Amino acid sequence: MSAVRTRFAPSPTGFMHVGNLRTALYAWLLARSEHGKFILRIEDTDQARYVPNAVEVIYATLASAGLDHDEGPDRDGGCGPYVQSERKDLYRKYAEQLVASGDAYYCFCDKCDAPDDGETVHDAAEVCACRSMDPAEAVRRAAAGSPHVIRQKIDRSGVSTFTDTVFGEITIENKVLDDQILLKRDGMPTYNFANVVDDHLMGITHVVRGSEYLSSTPKYNLLYRAFGWEIPVYVHLPLIMGRDAEGNVSKLSKRHGSVSFENLVAEGYLPEAVVNYIALLGWSPKSDRELFTLSELAAAFKLSGLNKSPAVFDYGKLRWMNSQYIQNLPPEEFARRAKPFARVTGTPLEPAWPRIAALLQSRVEVLGECAEMIGFLRELPEFDLALFCHKKSKSDVENTRADLPEIRNVLAGLTAWTAENISLALTDFAAAREVKAGRPMWQARIAVSGRAVTPGGPGEIMEILGRTESLRRIDAALARLKS
Ligand code: GLU
């Protein structure tokens, strides 16, 4: 077999759905695992659906996900241009070739300026009168400038069968196939035509795409045959589903959660965790292993591991995987990546950020949780004095009222304000009174944080807050306890 060439052919219609990213990932993995080439092609023939900036989103997403391409609009490999609208002029000759061979025809119906991509005014059962027009007459009208589209001429008898790598043998009755538009009035090809011409001209050996294209594939095969071109290996991927609160499963959409790579990353999922997670949505290494770097995925990837049953996107699982990636980051790297999420830049907390980050790393599952988790460091939240009651450490409002003034004195007397010294002072305080160390620890921590659960203990928190702010917070608690 010739060297593997795969492509990712997104339409610039907005954000990158995780399903599209998975398609890109599998095409990339297939190319990399076979030491082949991965090509990026922008499919922008449907100008009505074009969204400005969407091409930038495609580049940014691929770069952030680590999916490098060997050829594409920005990397010529000799098959360019790699943007379909820039290839507009080359499609007519192929469409005309099909008209000449009787595999396509001119259609002059005035409602045929279909928006795009096979949506035509003729449904599958209806046959356009232009189909049976005398070819010489049709050529004459077209040459005279009569507006027309070019349609594929499909024999609706019998069945079409082809084999897909994932779904196996697929048979479709030809009567459901329509004479789809290949070339629009303005000369722009439809996706249905351009994908065949381009995949051939770009030497694509394996077409990896969503299963929604399975039903059109027989029409593409007819085109390949009419041209005498080799049909690529098809790898259609199952749908990605989502589960709602009631447990119902349907196609993954916004009501299930974030569905774009961009949004997931903006929420604080690490790109590499998202990539790892979606790699397993429809592909299995055939072992229990779940954590893979991109290059490990490329080494393990095999087409035989693809699954045809729809995969359900499990946000809980993604969250778990993300926490694993977060915990495995080098501390400085975690601090760098989490900083924008913690919103400390330009605040009094910024100098202490490396120490704060060290407390957060083992505790956050998604970076977006950082800001909320350290909110108490910015400002002491209002809290109920009942928070001083904690059974396990035997702390309550009464003993806190008695202990806290002494704890304050001990702390105020510390020469060096470090987490270690603060903790030591609290343990010594407990030892001298023969109470559990947990008691002053709890009392002090609640006084300075106002939170039952905090990242870090009282020593770490007070070190970050500094002596003045810590004592101010203890004084505030004392004032409340006294009144
Ligand atoms: N432009 C199509 C899409 O974004 C690509 C389908 C294909 O890969 O052939 O769905």
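The values are calculated or read from the model by the stated rules, or taken from the named source; none is laboratory data. Everything numeric here is computed off the predicted structure, so don't read it as measured data. Positions of Cβ are backbone-derived with ideal geometry, glycine not excepted, and every protein chain shown enters the neighbour counts. SASA here: full protein model, heavy atoms, side chains in, ligands and nucleic acids out. Shrake-Rupley method; radii C 1.70, N 1.55, O 1.52, S 1.80 Å.
Could you derive backbone 3J(HN,Hα) for the range 216-222 from the dihedral phi with the Karplus parameters 6.51, -1.76 and 1.60 (θ = phi - 60°), listing whole Hz in sequence and x where the residue is Gly or Pro?
In residue order, the calculated couplings are 8, 4, x, 5, 5, 4, 4 Hz.
By how many nm would the segment from residue 133 to residue 327 grow when fully extended, if each residue of separation counts as 0.36 nm and the alpha-carbon distance is taken off? Don't skip to the answer; put the middle values down first.
Numbers: separation 194, 0.36 × 194 = 69.84 nm, distance 6.91 nm.
The residue 133-residue 327 span can extend by a further 62.9 nm.
Order the following by accessible area, largest value first: 178, 134. Probe radius 1.4 Å; ligands, DNA and RNA are ignored.
Details: 178 20, 134 85 Å².
Heavy-atom accessible area, descending, gives 134, 178.
Show me the ranking of peptides 24-30, 283-289 by mean Cβ neighbours inside 10 Å, starting with the highest. Intermediate values should be presented prior to the final figure.
Values: 24-30: 26.4, 283-289: 13.1.
Result, highest mean Cβ count within 10 Å first: 24-30, 283-289.
Using only Cα atoms, locate the centre of the range 13-28 and the centre of the range 436-482, then give the distance between them in Å, rounded to an integer.
Using only Cα atoms, the two centres lie 48 Å from each other.
Cα gyration tensor of the range 157-280, axes a ≥ b ≥ c as square roots of the eigenvalues: rounded (a/c below 1.5), prolate (a/b > b/c) or oblate?
Note, shape of the range 157-280 comes out prolate.
Given a 1.4 angstrom probe, what's the average accessible area per residue across the range 201-291, in square angstrom? Don't skip to the answer; put the middle values down first.
Numbers: 3750 Å² over 91 residues.
Here the residues of the range 201-291 average 41 Å² of exposed surface.
Please list, in order, the residues from the range 442-456 whose amide nitrogen is less than 20 Å from a point placed 7 Å along the Cα→Cβ vector of residue 402.
Answer for the range 442-456: 442-447.
Which residues in the range 449-483 place their backbone N less than 20 Å from a point set 7 Å from the Cα of residue 424 along the Cα-to-Cβ direction?
457-468, 471
Using θ = phi - 60° and the Karplus relation 6.51 cos²θ - 1.76 cosθ + 1.60, list the HN-Hα couplings for the range 310-325 in order, rounded to whole Hz, with x at every Gly or Pro.
x, 9, 9, 6, 10, 5, x, 5, 4, 4, 4, 4, 4, 5, 5, 5
Grab the Cα-Cα distance for residue 302 and residue 248, subtract it from 0.36 nm times how many residues apart they are, and report the gain in nm with one decimal.
Values: separation 54, 0.36 × 54 = 19.44 nm, distance 3.12 nm.
Separation in residues times 0.36 nm, less the Cα-Cα distance, equals 16.3 nm.
Highest first, please rank the peptides 153-159, 80-86, 37-43 by the mean number of other Cβ atoms sitting within 10 Å of their residues.
Working: 153-159: 12.7, 80-86: 17.6, 37-43: 23.1.
So the peptides 153-159, 80-86, 37-43, ranked by packing, come out 37-43, 80-86, 153-159.
With a 1.4 Å probe and every protein chain kept in, tell me what percent of the accessible surface of the chain is carbon plus sulfur. If you can, show how the numbers build up before the last one.
Numbers: 11450 of 21850 Å².
The C+S portion of the solvent-accessible surface of the chain is 52 percent.
At a threshold of 8 angstrom on Cα-Cα distance, excluding pairs fewer than six apart, so keeping six or more, what relative contact order does the chain reach in percent? Each step should come with its number before you reach the end.
Working: 754 pairs, mean separation 57.3, N = 483.
This gives 12 percent for the chain.
In degrees, nearest 10, range 0 to 90: what is the angle between the Cα axis of helix 331-342 and the longest Cα principal axis of the chain?
Long axis of 331-342 versus the principal axis of the chain: about 80 degrees.
Nearest 10 degrees is fine. How inclined is helix 438-449 to the longest principal axis of the chain, computing both from alpha carbons?
Rounded to the nearest ten degrees, it is 60.
Give, in nm to one decimal, the length gained when the segment between residue 358 and residue 416 is fully stretched (0.36 nm per residue of separation minus the Cα-Cα distance). Don't skip to the answer; put the middle values down first.
Details: separation 58, 0.36 × 58 = 20.88 nm, distance 2.09 nm.
Extending this stretch completely gives an extra 18.8 nm.
Say R0 is 51 Å: what FRET efficiency, to the nearest 0.05, do residue 211 and residue 141 get from their beta-carbon distance? Spell out each step's value before the answer.
On the way: r = 40 Å, r/R0 = 0.78.
E(calc), rounded to 0.05, equals 0.80.
Determine the shape class of the chain: with a ≥ b ≥ c the square roots of the Cα gyration tensor eigenvalues, call it rounded for a/c under 1.5, and otherwise prolate if a/b is greater than b/c, oblate otherwise.
Values: a/c = 3.36, a/b = 3.16, b/c = 1.06.
Note, shape of the chain comes out prolate.
Can you run phi through the Karplus equation (6.51, -1.76, 1.60; θ = phi - 60°) for the range 163-171 and list ³J(HN,Hα) in whole Hz, with x for Gly and Pro?
Using θ = phi - 60°, the values come out as 10, 9, 4, 8, 8, x, 7, 10, 10 Hz.
For the chain, take the longest principal axis of its alpha carbons; what is the angle in degrees between that and the long axis of helix 18-33, to the nearest 10 within 0 to 90?
80 degrees
Any idea of residue 229's accessible area? Nearest 10 Å², probe 1.4 Å.
Counting only protein heavy atoms, the figure is 40 Å².
At residue 468 and residue 314, where each label point lies 7 Å from the Cα along Cα→Cβ, what is the point-to-point distance in nanometres?
5.2 nm
By average Cβ neighbour count within 10 Å, what is the ranking of 244-256, 290-302, 450-462 from highest down? Can you show the working numbers first?
Numbers: 244-256: 11.3, 290-302: 15.8, 450-462: 19.9.
Output ranking for 244-256, 290-302, 450-462: 450-462, 290-302, 244-256.
Between residue 241 and residues 5 or more places away or on another chain, which pairs have amide H atoms under 5 Å apart, with H built 1.01 Å from N, and which residues are they?
When sequence neighbours closer than 5 places are left aside, the close amide H contacts are 252, 311, 312, 313.
Kindly work out what percent of the DSSP beta bridges joining two residues of the chain are antiparallel, to the nearest 5.
Working: 20 of 35 bridges.
The antiparallel fraction comes to roughly 55 percent.
From the square roots a ≥ b ≥ c of the eigenvalues of the alpha-carbon gyration tensor of the range 383-483, which class results: rounded (a/c under 1.5), prolate (a/b over b/c), or oblate?
On the way: a/c = 1.36, a/b = 1.17, b/c = 1.16.
Rounded, since a/c falls under 1.5.
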